[in-house]
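Shown next, in structure tokens, is the structure this report addresses.
The values are calculated or read from the model by the stated rules, or taken from the named source; none is laboratory data. Bear in mind that the values here come from a model prediction, so they are computed numbers and not experimental data. Cβ atoms come from the backbone with ideal geometry, glycine included; neighbour counts cover every protein chain shown. For the accessible areas, the whole protein counts, side chains as well, though only heavy atoms, and no ligand, DNA or RNA atoms are used. Shrake-Rupley method; radii C 1.70, N 1.55, O 1.52, S 1.80 Å.
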Amino acid sequence: MARIQLLVFEVGNREFAIDAESANGILRAKKFTIQKLPGNDQRIDGMINLRGKIIYLFNLCSKLDIPHREISPESKIVLVQVSEGSVGFIVDEVNDIVRFDTDEIEPAPFFVSAKDAQYISGVGKIDERLLVILKLDHLLSVEELESLPESV
């Protein structure tokens, strides 16, 4: 039986998870100067300089149908591997790392719209908690990654 390890985080008082193998690190937002990109849309919260490398920060609120939230001193940045580099997702808090047997994860509900289902790989249960497990490779489209000013 296959097992998966998930990184659990919170955005807008809702818990989500991604495959922990995709995460490159977790940073405290208050340790960085987050530079806004002029004229950019709401999908990108800004960029940071991490050891001389530009990391673009994506806003999950627009993808997950959550009202936009300002970055607070308590926000965290989850670094994830995409294509040939890293990007960051701004989250309210990183809550946990959990393990599931793959057969314990229920598929995305059939009634979720096709647009929303493209981001959801399934739902996991821990006691009374429900974790929406996200498809990291679908959260950022090829067009979004190609539209970045420099390669990530």
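Key figures for this structure:
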| read-out | value |
| --- | --- |
| Considering residues of region 41-83 that are part of a loop (DSSP other than H, G, I, E, B) and of a type in the set (A, V, I, L, M, F, W, C) only, the residue farthest from ARG28 (Cα to Cα) | ILE66 |
| Any pair with Cβ under 6 angstrom, 6 or more apart, that starts in region 127-141 at a residue that is closer than 13 Å to PHE9 by Cβ and ends at one that is hydroxyl-bearing (Ser, Thr, Tyr) and part of a strand (DSSP E or B) | ILE133/SER121 |
| Search result, residues across region 22-40 that are in a strand (DSSP E or B) and of a type outside the set (Lys, Arg) | ALA23, ASN24, GLY25, ILE26, LEU27, GLN35 |
| Hey, ILE90 crowded, with 19+ Cβ neighbours inside 10 Å and over 13 Å from the mean Cα position of the chain (by Cα) or not | no |
| Condition broken by SER22, with the remaining ones in (1) open to solvent by 20 Å² or more (accessible area, probe 1.4 Å); (2) more than 24 Å from ARG129 (Cβ to Cβ); (3) touching a residue at least 60 places away in the same chain (Cβ under 8 Å) satisfied | (2) |
| Residue within region 86-98 that is aromatic (Phe, Trp, Tyr) and not in a strand (DSSP E or B) present | no |
| Failed item, numbered, when SER72 is tested on (1) loosely packed, with under 15 Cβ neighbours inside 10 Å; (2) under 14 Å from ALA23 (Cβ atoms) | (2) |
| Candidates GLU104, GLU84 - the one that is out of contact with any helix residue (DSSP H, G or I) (no Cβ under 7 Å at 6 or more places or on another chain), modelled with pLDDT of 85 or more, open to solvent by 30 Å² or more (accessible area, probe 1.4 Å) and not β-branched (Val, Ile, Thr) | GLU104 |
| Among the candidates LEU140, LEU79, residue that is among the aliphatic types (A, V, I, L, M), within 14 Å of the chain's Cα centre (by Cα) and modelled with pLDDT of 85 or more | LEU79 |
| Looking only at region 46-68, and only at residues there that are open to solvent by 40 Å² or more (accessible area, probe 1.4 Å), at negative phi and not hydrophobic (A, V, I, L, M, F, W, C), the one that is modelled with the highest pLDDT | ASN49 |
